[in-house]
Amino acid sequence: VILCRFGTSFIKLNNRTIYKNTIPKINGSKLCSTQVSRQANDNTFVPFMTMIQNRRAQASRSILVQVQSAKSYNELYSYCSTIGEVKDMLHYSDNSEQMHFIIVEFKNELDVNKILSVSSHIQENQTVPVQSPFLWFRAPNNKLGKLKQNKTAKLLVENGTSVISEENLKTALSHCTSVSAQIQELYMLTKLNDVGQRLRFITAKQIESTVSGLFPNVCAYPFGSSVNGFGKMDCDLDLVLKLTGHKENENSRLIYHCKAGSGSDRNMNQKNMEVLGDFIHLFLPGCSHVRRILQARIPILKYHQQLTNIECDLSMTTMSGVYMSDFLYLMGEIDNRVRPLIFVIRKWAKEVFLTNNSPGKWISNFSLTLLALAFLQRPLHSPPILPTFNTLVKHAAPSDHFITEDGINCTFLRDITKLKFKKENDKSLESLLFEFFEFYSQFDFENKAICLNEAASISKPEHSALYIVNPLERGLNVSKNVSYDELERFKIEVRNAAWLLESQESSQTYKGLLGIFQNKYNAKYKLNFAASTKHNRLMDVSDLFEGENNESGESHINFKNKQIEK
Ligand code: GTP
Ligand code: MG
């Protein structure tokens, strides 16, 4: 029997936990969001790439079935069990709770092939007869009859993608007795869970299987917050699609005939993405709102996968985003305070309008994450919590050696159990949050750059308002997009937050985090911010990649603005 606490009540069904409208408080069950990276109550470290491979394999063993309601699970189980061996079933619904889905994970990938081979299309002349693991479970017709109830059928999770409302979150936080407890609570209630991760890998699998006929070794790697441990329940899915062929084999006398690539790599990439965009738009079930942003330094396709309710950003060029995610994942695994702390910093930045979903001249979640990690490498008053990037490079094993096709050296230690790093810092989350604000309210942004490679601030190589050295490509600034105005606001807000946290200690009206989430400057800024972001709606993550100019020499932002004007 697994018991989970759900705010005020315990819910138990068939010896399995079921949760509705909230996310369990204690991750002692299979609902643990890092289930594939860490087993419950087991602190065994699983390297990033192993976690990715485990999740990919899990997605290959899964189908996603639209059903009438969660109650359909028993019948679906009975039906699927006549074809293969079902391992787990997990239910979720869309935001309006109109559409219901069950992820069916089989014990064996071959069972998925069997299921797909016996599934059918209806009205073939009216639909594009695509075969994919996205299915719907139709009502039984008279010929087939209703299936018997199966006593072994179990639904592991119900409503697995429900996101806690702001109101419920604030109520939960107001019941905590310390800021540290609030930070931990915020993390547990908002982090991406197991169902969210499964759906992201199933969405990636859909793209992969689309092109696998032509490119059997194709791989769609999720990266960014979906996999680096800093993702919220509703985070977007960043994907890089690699068409990878067979490595050249000198002993083979048979060589594939292939078309010669035309034009520059960039040109070819843009053309491929154009075609892929059409494919997604025309053929892929559930995919809509395809937008091609091909002039950016990293061309991307944006689309919405309606069946999994995930916003996707797909690129086809560099793997560096995946290796960057590996680095961030490692940092989160080294110390269990890192993720809760970064969650609260990201939440605070959103609440005080420092960040926004559409990229622009403001600080991004990614830059904010690097600021927090840099702080943890050298807190103000205590020994470091995290090692520097150079320490990871120094300890790298031969198997950690990776260089991307565009020449970026991504070699660093992947197995943190091999890291000899003294953990002497036992500060509470509350102290660390306060120190973070204090650290950046005193930081010399005018002359110094933030660098995670070594434990010292370095002089700014050029005059961007905020300079954060890209740990993988030291010549690049990941926060080049940030304007002087936005940096000024960041400085004001960190000072403000430090002051609010400190002054609450002596005040009667303790609100903890809620106090720093609602400061008096918010309302004033909100209107201006909403107006300024409206014009940047077309921009996307690729614009943030060091803000380089495109081939014609104009910046992406100008280019996009022209497109909007047009
Ligand atoms: P959210 O989507 O806001 O939850 O966070 P995220 O970390 O996924 O950020 P985002 O979707 O904006 O970017 C996805 C990933 O792309 C990041 O985690 C980085 O690995 C990479 N990335 C984003 N911005 C930059 C940048 O300016 N430079 C580089 N080198 N990589 C970036
Ligand atoms: Mg993202």
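We did not get these values from a lab; they are worked out from the coordinates using the rules stated. These figures come from a predicted structure and were not determined experimentally. Heads up, the Cβs are rebuilt from the backbone with ideal geometry, glycines too, and the neighbour counts pull from every protein chain shown.
Count charges around Lys87 for me, please; just the other residues with Cβ under 9 Å from its Cβ, Lys/Arg as +1, Asp/Glu as -1.
On the way: positive: Arg61, Lys107; negative: Glu85, Asp88, Glu105.
Taking every other residue near Lys87 into account, the sum is -1.
Using a 10 Å cut-off on Cβ atoms, rank the peptides 405-415, 258-268, 427-437 from the highest mean neighbour count down. Mind showing how you got there, number by number?
Values: 405-415: 16.1, 258-268: 9.7, 427-437: 20.3.
Most protected by this proxy first, the peptides run 427-437, 405-415, 258-268.
Considering the options Cys312, Ile334, Val344, tell which one lies farthest towards the positive end of the dipole of the range 304-346, charges being +1 on Lys and Arg and -1 on Asp and Glu at the Cβ, about the Cα centre.
It is Val344.
Among 50-57, 235-242, 250-257, 192-199, how do they line up from the highest to the lowest mean number of other beta-carbon atoms within 10 Å?
Working: 50-57: 17.8, 235-242: 22.2, 250-257: 6.1, 192-199: 24.0.
Those peptides, ordered most packed to least, come out 192-199, 235-242, 50-57, 250-257.
Taking other Cβ within 10 Å of each residue's Cβ, how do Thr203, Thr244 sort, fewest first? Please report the intermediate quantities before stating the final value.
On the way: Thr203 26, Thr244 12.
The fewest-first ordering by Cβ neighbours comes to Thr244, Thr203.
Given the peptides 387-399, 299-311, 475-487, arrange them by the average over their residues of other C-beta atoms within 10 Å, most packed first. Intermediate values should be presented prior to the final figure.
Working: 387-399: 16.3, 299-311: 20.6, 475-487: 18.8.
In descending order of packing, they fall as 299-311, 475-487, 387-399.
Can you check what the net charge comes to around Trp362, using other residues whose Cβ is under 10 Å from the Cβ of Trp362 (Lys, Arg +1; Asp, Glu -1)? List each step's numbers first, then the result.
Working: positive: Lys361, Arg489; negative: Asp485, Glu486.
Summing Lys and Arg as +1 and Asp and Glu as -1 gives 0.
Modelled label-to-label distance, Glu454 and Ser165, 7 Å Cα→beta-carbon offset: nm?
Spacing of the two 7 Å Cα→Cβ label points: 5.3 nm.
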